[in-house]
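In what follows, a single structure is set out as structure tokens and then discussed.
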2 protein chains.
Amino acid sequence: MSRTDAALTHFESHLDAAMARWMDWLRIPSVSAQPAHAADCRRAAEFARAELAAMGFAAALRETAGHPVVLATHPGPGRGPRLLYYGHYDVQPAEPLELWTSPPFEPAVVEGRNGKRVVARGAVDDKGQVSMWLAALRAWHETIGTMPCPITVLIEGEEEVGSLNLAPFVAAHREELAADIVVVSDTGMWDIDTPALTTSLRGLCYVEVKLTAASRDLHSGVYGGEALNPINALTAALGRLRDDKGRILVPGFYDNIRDISPRKANQWASLGFDERAFLGEIGLSIPVGEQDRTPLERLWARPTCDINGIWGGYMGPGSKTVIPSEAVAKLSFRLVPGQDPARIVENFKAFMRANVPADARLDFTLFGLGEGLEIATDSRFLAAAEKALGREYGRNPVLIGSGGSIPVVETFRKELGLDSVLMGFGLDDDQVHSPNEKFDLRCFCKGARSHIRLLGELAAE
Amino acid sequence: MSRTDAALTHFESHLDAAMARWMDWLRIPSVSAQPAHAADCRRAAEFARAELAAMGFAAALRETAGHPVVLATHPGPGRGPRLLYYGHYDVQPAEPLELWTSPPFEPAVVEGRNGKRVVARGAVDDKGQVSMWLAALRAWHETIGTMPCPITVLIEGEEEVGSLNLAPFVAAHREELAADIVVVSDTGMWDIDTPALTTSLRGLCYVEVKLTAASRDLHSGVYGGEALNPINALTAALGRLRDDKGRILVPGFYDNIRDISPRKANQWASLGFDERAFLGEIGLSIPVGEQDRTPLERLWARPTCDINGIWGGYMGPGSKTVIPSEAVAKLSFRLVPGQDPARIVENFKAFMRANVPADARLDFTLFGLGEGLEIATDSRFLAAAEKALGREYGRNPVLIGSGGSIPVVETFRKELGLDSVLMGFGLDDDQVHSPNEKFDLRCFCKGARSHIRLLGELAAE
């Protein structure tokens, strides 16, 4: 029996204990956004620290300006590729509580369409996925008495609130975090039978724009027809951001975007993405976005412009005939490799200035600026992950894109010069960030097994 | 000494008492919108009833589905034109309280640029203007022992919340309310030296439109590029409502609008409206609205489209990458005579449907539908009012329009077949509906004197 097979066997025979640890962790309401849960965040960090210490890691909580970071190192056999595992112990707020079928911090094991599932806040994101690779590390530890490779673990507590303290922490601990590759499980599979590696992420620039007109709220009877209405002006300008073919009209918006490679295009085409089902599940039927692109390009490889929030004037019941003095919108551009986020923001500001009346004052606030990112598809680490997933699932993983952003991946690239393997086991129906978040037990088990195999592949190099 | 002069002299020598009654009325916080003030509304109604009873009126509170109506009748000499005085005893909420320089329901007499003024919620709107004509009625009563004409008084308590119960009340009491003309003081002067009669009012149609896209809120990373964003769609459609020359693009919007008469155009031109000062006072410099019209046409005689409120998605601090499931706007059209409000609403709905993607669901809620209204400028009642004002001020009043609506004027026309004389004494800086509402004592006195003169003119017919 190979060492990997022994670790797999060990995992299977100790599944109950792995699940118990996962569920104990879920019981700690480590909601990073809510100050009342600060002590719970620390408890959740301590839980992970103790778990890593029990596997022989030198593990400690490290303070930041916010919630602490768990940092643990294990020399393993003293040779082989150095792996940096990243995850987060914080979770999204559980509200609205009334929509949960069971209390969010009392994990429930229930039957679902794929068999048993665990329902709780953090079931998958990211405590579930981290528990999965912690179980893999433990299986190795209890099988061979050490780690198969030198391993560093970094588990932060502020991913759900923007990881503001992580980049400074990484920059200040470059030597301790030195590694050859980052391993992250915070993404999804293609479907429950098809594993996936995520190799591209969209960047994000997020801007708030406030348009101020008159110096005070006005009566629309007295002033209507003469006075600039900031909601009229803001909607008119925002309404011009896209043409009727879904193209975004900010000047230079599409500059330097490369089309996806023919290989990727072929692979994506072969995925058989069911756009009708994808949209149908959310009550829609007609895609927006660029009409001359495929659905997966629109989701993974093309930039977007979405207004994420807007407000102004009277928002209560009934009517009020006010011309308000200001109106505000939040909007974000998802960006792809080639686009320069800083330039996009400047061009957007210029676009807005050119599209509002001269009397309007515009104020911009920037809430995020990250570029699109591509992960090398020809690396030995990605090859090892492909092999591990292929063995576990009996089919090759697909290389997918993600329409979202994982800013920490950019941080590791910038601060440590490291690429990441994004090997995640979530499913589209996991209700991440929503009530009744769940993780299928099957995903958890095969995910842990894939991580065991990945370690075996890398150790054998 | 004529009877009118005797009444004027009486008013002057009893001014302190008239002011005391006005201020006592202002001390009652009759905020119709706030249920906690329901008893105060009734007290304010009772105050007016008692005041009318003291002048020999048969006066009673009449119940409605909301706050009571004060209805009072006096046969006067049993001949002459029958006058229906209308006013309202309710006031707007006083909030935000911290912006008041003195408590809103403790009227303060302070010095202002036009001499003494009374600062209080309701100082002018409408307790102040009603107190003014109540003082005129009392001057006549105490001078000649009766009213100079048959008079009916109707004072409602729900004007600030839409007068929802007034039209049914008027319709149910047509015989008691029978008259030859309605007299209303709820409008303004041209400036403190120039009296005005308002002879046109804009109508209003007020619509809320909700655009629903996906069946739930979506993550803009996962769905952006494919899923319809309701804020994008709503702003795009609303942004198309007007062209860059200020014309409103709802089909048929300008149908059947008559240009103002050359006489009116000349008179308005002679007013020397200072558009620069009008806009400058509110921090603006460039008029919106139709560019090929004069400022007073845009304010009084041309229709508008103002978005009064808008909301959707994330409105908190920082960023949230949500594609919400819905977005809502409230908007209103100010309408002028000739426009059919019902048709405008239907055309607006059709415009919106034609300008949103097929996947968008639109729901409309109507909060008001009133047509623009013109008052006959050749009536004997208006002539009497012009004469009264001319004598009091030593200059002829100007015939002005109002950009706002006074729905009750339409109610009286529809239910009773009566035109109204809109003779008001407010000034632009009265802070109506805002903190530190005031009424200049000079306006109050000359307003009361003008009402005394108007009664004298009409009684002499």
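Can you tally the net charge around residue A:40? Count Lys and Arg as +1, Asp and Glu as -1, for every other residue whose Cβ sits under 11 Å from the Cβ of residue A:40.
Charge balance in the 11 Å sphere: +1.
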Sort out for me the Cα centre separation of the stretch B:67-107 from the stretch A:103-178, rounded to whole Å.
69
Mind checking the mean number of beta-carbon atoms from other chains within 10 Å of the Cβ atoms in B:235-243?
6
Sort B:302-308, A:196-202, B:433-439 for me by packing, meaning the mean count of neighbouring Cβ atoms within 10 Å per residue, highest on top.
B:302-308, A:196-202, B:433-439
Could you pull out every residue, at least 5 positions away or on a different chain, whose amide H is within less than 5 Å of the one on residue A:323? Hs are placed 1.01 Å off N in the peptide plane, and Pro or chain starts have none.
A:218, A:219, A:220
Just checking the output field for B:354-361: average partner chain Cβ neighbours within 10 Å of each residue's Cβ?
2
Once the other residues with Cβ under 10 Å from the Cβ of residue B:150 are scored (Lys, Arg +1; Asp, Glu -1), what is the net sum?
+1
Cα pairs beyond 13 Å in the stretch A:234-287, in percent, come to 75
Candidate cut points under GluC sites (Glu not before Pro) in the stretch A:44-98, DSSP loop plus at most 12 other Cβ atoms within 10 Å of their own Cβ, are A:63
Averaged over residues of A:278-285, the number of beta carbons from other chains lying within 10 Å of each residue's Cβ is 6
Only counting other Cβ atoms within 10 Å, I'd like B:190, A:133 sorted with the fewest neighbours first.
B:190, A:133
Using the structure shown, select from A:210/A:349; A:330/B:320; A:349/B:330; A:330/A:438 the pairs with a Cα to Cα distance greater than 20 angstrom.
A:349/B:330; A:330/A:438
Longest to shortest principal axis, alpha-carbon extents of chain B, angstrom
84, 51, 46
Report the semi-axes of the equivalent ellipsoid for the stretch B:235-348 in whole Å, largest first, where each axis is √(5λ) for an eigenvalue λ of the Cα gyration tensor.
33, 20, 10
Sum -39500 (n - 2.57) across every DSSP H segment of at least 4 residues in chain A, then divide by the residue count to get the 222 nm mean residue ellipticity, nearest 500.
-9500 deg cm²/dmol
Please rank B:391, B:453, fewest neighbouring Cβ atoms within 10 Å first, as an exposure proxy.
B:391, B:453
Expected response for nearest chain B Cβ to the B-A rotation axis, distance in whole Å, is B:239, 1
Relative exposure of B:137, A:164, B:382, judged by other C-beta atoms within 10 Å (fewest first)
A:164, B:382, B:137
Quick check: net charge around residue A:410, other residues with Cβ under 15 Å of its Cβ, Lys/Arg +1 and Asp/Glu -1?
-4
Suppose R0 equals 22 Å. What FRET efficiency, 1/(1 + (r/R0)^6) with r the Cβ-Cβ distance, do residue A:210 and residue A:369 give to the nearest 0.05?
0.75
Please work out the FRET efficiency for the pair residue B:24 and residue B:292, using the Cβ-Cβ distance as r and a Förster radius of 56 Å; give the result to the nearest 0.05.
0.65
Under 5 Å between amide hydrogens, which residues at least 5 positions from residue A:421 or on another chain qualify, with H placed 1.01 Å from N in the peptide plane?
A:182, A:183, A:184
Percent antiparallel among DSSP beta bridges confined to chain A, nearest 5, equals 75
I need to check one value: relative contact order of the stretch A:76-214, counting alpha carbon pairs closer than 8 Å and at least 6 residues apart, in percent.
37
Label-zone membership for the stretch B:268-293, site residue B:247, 7 angstrom Cα→C-beta point, backbone N under 16 Å:
B:289-293
Alpha-carbon radius of gyration plus Dmax, which is the widest Cα pair, for the stretch A:178-316 in Å:
21.2, 68
Using only Cα atoms, what is the ratio of the radius of gyration of the stretch B:48-172 to 2.2 N^0.38 Å?
1.20
Please report the relative contact order for the stretch B:284-384, taking Cα pairs under 8 Å with a sequence separation of at least 6, and give it as a percent rounded to a whole number.
23
Cross-link reach list, aspartates and glutamates versus residue B:245, counting only Cα pairs under 12 Å and skipping chain neighbours closer than eight places
B:290, B:292
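Rule-based calculations on the coordinates, nothing more; no lab input. Note that this is a predicted model, so its numbers are computed, not measured. Backbone-built Cβ (ideal geometry, glycine too); neighbour counts: all protein chains shown.
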